[in-house]
1. Return the pair list, or none, for Cβ contacts closer than 8 Å from residues in region B:67-96 that are at the interface with another protein chain (Cβ under 8 Å from one of its Cβ atoms) to residues that are in a helix (DSSP H, G or I) and among the acidic types (Asp, Glu), at least 6 apart or on different chains.
2. Mind counting the residues in region B:16-48 that are touching an Asp or Glu at 6+ places or on another chain (Cβ under 8 Å), away from chain A (no Cβ under 14 Å) and within 16 Å of residue B:2 (Cα to Cα)?
3. When region A:47-61 is examined, which residues are found to be open to solvent by 20 Å² or more (accessible area, probe 1.4 Å), in contact (Cβ under 8 Å) with a residue 12 or more places away in the chain and part of a helix (DSSP H, G or I)?
4. Please go through region A:195-227 and give me each residue that is among the β-branched types (Val, Ile, Thr) and in a loop (DSSP other than H, G, I, E, B), ordered by number.
5. Is it the case that some residue within region A:168-190 is of a type in the set (D, E, K, R), under 24 Å from the mean Cα position of the chain (by Cα) and either surrounded by 18 or more Cβ atoms within 10 Å (Cβ to Cβ) or assigned by TED's automatic domain parsing to the domain that holds residue A:77 (or both)?
6. In region B:49-64, which residue that is open to solvent by less than 20 Å² (accessible area, probe 1.4 Å) and within 11 Å of another protein chain (Cβ to nearest Cβ) is farthest from residue B:26 (Cα to Cα)?
7. Mind listing just one residue for me: the one in region A:132-156 that is open to solvent by 50 Å² or more (accessible area, probe 1.4 Å) and free of Cβ contacts under 8 Å to residues at least 24 places away in the same chain and, of those, nearest to residue A:70 (Cα to Cα)?
8. Condition check: away from chain A (no Cβ under 11 Å) and out of contact with any helix residue (DSSP H, G or I) (no Cβ under 8 Å at 6 or more places or on another chain). Does residue B:112 satisfy that?
Amino acid sequence: MKKFNVKKFFVYFFLVIGALIMIFPFYWMIINSLKTAQDMTLYPPSWTPSNWFNFENYKVAFEKAPFALYFLNSIIVTISCLIITTFTTIMGAFAFSRLKFKGRDLIFSLLLGLMMVPFEMLVITNYMTVAKIGIIDTLFVLILPFTSSIFYTYILRNFFLSIPDSLYYSARIDGASNWKYLWRIMVPIAKPSLVTITILNAITCWNSFYWTLLVINSDAKRTLPYGLYAFMTEGGSDMKLMMAAATITIVPMIILFLFARKYIVNGVARGGLKG
Amino acid sequence: MQIKIDHLTKKFPDTVAVDDFTMDFESGKLTALLGPSGCGKSTMLNMLAGILPVTEGHIYFDDDDVTDMPPQKRGVGLVFQNYALYPHMTVLENICFPLEIQKVNKAERIEKAKEMAKLVQIDQYLDRLPKELSGGQQQRVAIARALIKNPRLLLLDEPLSNLDARLRLEMREEIRRIQQETKVTTIFVTHDQEEAMSISDSIVLMKNGVLMQVDKPQELYDDPKHQFVASFLGNPPINMIDGKINEDGDFELLDNSTVIKLNSKVGQVGQEVVLGIRPEAITFDEVKNAKAEIIQRYTMGKEELANIKIGSAEIRVYLSSDYTYKTGDIIEITLRDKGVFLFDKESGKRL
């Protein structure tokens, strides 16, 4: 018979408790979104909805506010940001790691220095800029300020630097251009890093709220987080509807996470990268 | 292809890596660039490949001046010390890569790659990734990838130094075989004299960026033009004794403790010289050149070595086990003509 391992027991015990604490808000959100008005009046609140397949709240939420539209807006914004940011990140990282030009390291240091400036401060100047261009209250304004990222460029640049020079020279001797080398050799090798960056970026874009709140006025341009916020203030305080709306908001990210879990954990463990 | 290097110099901010280097590499031959680390041999190779720009001088491939030609136009294949295989591609894809860049159609390049794989004997591993191969197999892939575009010149940078001793022996012969089968002009860099001696047609010995001597391996060993060449080649190493030439034209130790008679009296009286004696260049036959004391004998398997003392100088020589000398015996030694060299102390040049 296997000996009872006290140390292991405690390790797993605390891990289980930790996991439960993490899961609980999600659980609470989901069961409340499935409850009927009657369930909600119970005191103490019940741990399970009376009917697990009561999707009435979702229907009502969709009727009360155009969540489908919000959803679409969020998708458009997130995917645009992702494609453009990933592209600029790759190009930037390549330039700062592989190309030699005057002042390269100085420019890069300055860019890194910019990371010290908090986003909340940039919001003011960014707002003034987009107001001047006259693109306020469009989806474009949600994309434009987020088409590059110094942080992700930095992460990817460091990864690129770790790829031996000999690979580059070898490819050059074989006749590959910088462009070809980047897309045929470097990017495939950096795939794990890229996936991590993309996912973290997707989560950030998807949850982006503050900027949206500032620059979007019309109902039709709202993204999900803003829509959810508006729904809470405008739609009264019906808890079960709010929970349904919140669930709609996070489901895509949960799906994304489940698919790419392996990469996120690897990337974070390797690069000491945080979202 | 004949390679002509004309007064080539490479300066780095704080050093001169290659200094006024002039020589020709023979077409279709395997040439070793040999020298201690930091002697500029890798710099040389990188300049031939076009990775490093040249400071001064010219490089010619046959009649083309390639000095400022970018690497991809030179038609060279380069095998890096760490092989530089693309980790995300299979063996087949790796070998195909140069042709893929040249936009050769897929069927043709796969056929060609398989042919190359057969040449270097890795055809059974085509679907593997580089990390699933041993060092020797990776080396073969790298060679196949370098050869697939029919280079005019094949360059190998320390091709064997990442392999363990047994594989090294095997790959060494493989490189020789592949070179002889393909007849491609090949230059490889090494710091291992044995490696260079065993497979190359000729050896270029370098020191501090300067060309010391170019010769066939055996001639380099038998006929060194410089003290450095003599001391770099040979294991156990050559014995070097400082001294001067006395009135009779013979060699006298600096502290006058003894005289060694020389077979050929090439030095000038009073000149300070260094006498180089290869361990196998001493016998105990009729002609007696000097007296010596046996300090210690030890066996090294098939052969026996002895430390002997000539005057105040202690040298190491081969001693056939037929001799029954014991430690402390005073014996008379004979210098053979072969393997005994006299160098000028100042310039290091052979007299």
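The values are calculated or read from the model by the stated rules, or taken from the named source; none is laboratory data. As the structure is a prediction and not an experimental result, all values here were calculated from the model. Here the Cβ is made from the backbone with ideal geometry for all residues, glycine too, and neighbour counts use every protein chain on show. With ligands, DNA and RNA removed, areas are computed over all heavy atoms of the protein, side chains included. Shrake-Rupley method; radii C 1.70, N 1.55, O 1.52, S 1.80 Å.
1. Matching pairs, first to second residue: B:86/B:93.
2. Within region B:16-48, residues that are touching an Asp or Glu at 6+ places or on another chain (Cβ under 8 Å), away from chain A (no Cβ under 14 Å) and within 16 Å of residue B:2 (Cα to Cα) number 6.
3. Scanning region A:47-61 gives A:56, A:58, A:60.
4. A:216, A:223, listed by residue number.
5. The answer is no; no qualifying residue exists.
6. The qualifying residue farthest from residue B:26 (Cα to Cα) is B:50.
7. That would be A:140.
8. No: the conditions fail for residue B:112.
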